[in-house]
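Asks: Quick one: structure below, then a few questions.
A short reminder: the numbers here are calculations on the coordinates, not readings from a lab. Just so we're clear, the structure is a prediction, and the values are computed from it rather than from any experiment. Here the Cβ is made from the backbone with ideal geometry for all residues, glycine too, and neighbour counts use every protein chain on show.
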Amino acid sequence: MNTKTLDQIKNEYYGEIGMLERNRLERELESFLLCGLANRRLKELREAGKIDCLGAARASIYVAGEKLDVHSQGSQETAGL
């Protein structure tokens, strides 16, 4: 069986790193992963009782580099990921 790495598949279908289509794909994947991390952190905060469902719905998520900070409106508490 012929197996390929994820990078080989991306190179074949989207071009090498630096190509317009490949860069777009990489940005979309990164955004998707960051949103998933932020959603998981909000769920953890809700389960810990630090914010309620309404607070989670109104929470603002700030992405700075690799660190996600969740700021709930009306609360001084900040939780980093």
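Asks: For 43, 10, what ranking results if the residue with the fewest other Cβ atoms within 10 Å of its Cβ goes first?
Replies: Fewest-to-most Cβ neighbours within 10 Å comes out as 43, 10.
Asks: Pull up all non-local amide H partners of residue 51: gap of 5 or more, or a different chain, and H-to-H distance under 5 Å with H placed in the peptide plane.
Replies: So residue 51 has HN proximity to 46.
Asks: Here is a further query. Would you kindly state how much longer the chain becomes between residue 43 and residue 22 on full extension, computed as 0.36 nm times their sequence separation minus their alpha carbon distance, in nm to one decimal?
Replies: 4.4 nm
Asks: Using 0.36 nm per residue of separation minus the Cα-Cα distance, give me the extension gain between residue 7 and residue 31 in nm, one decimal.
Replies: 6.8 nm
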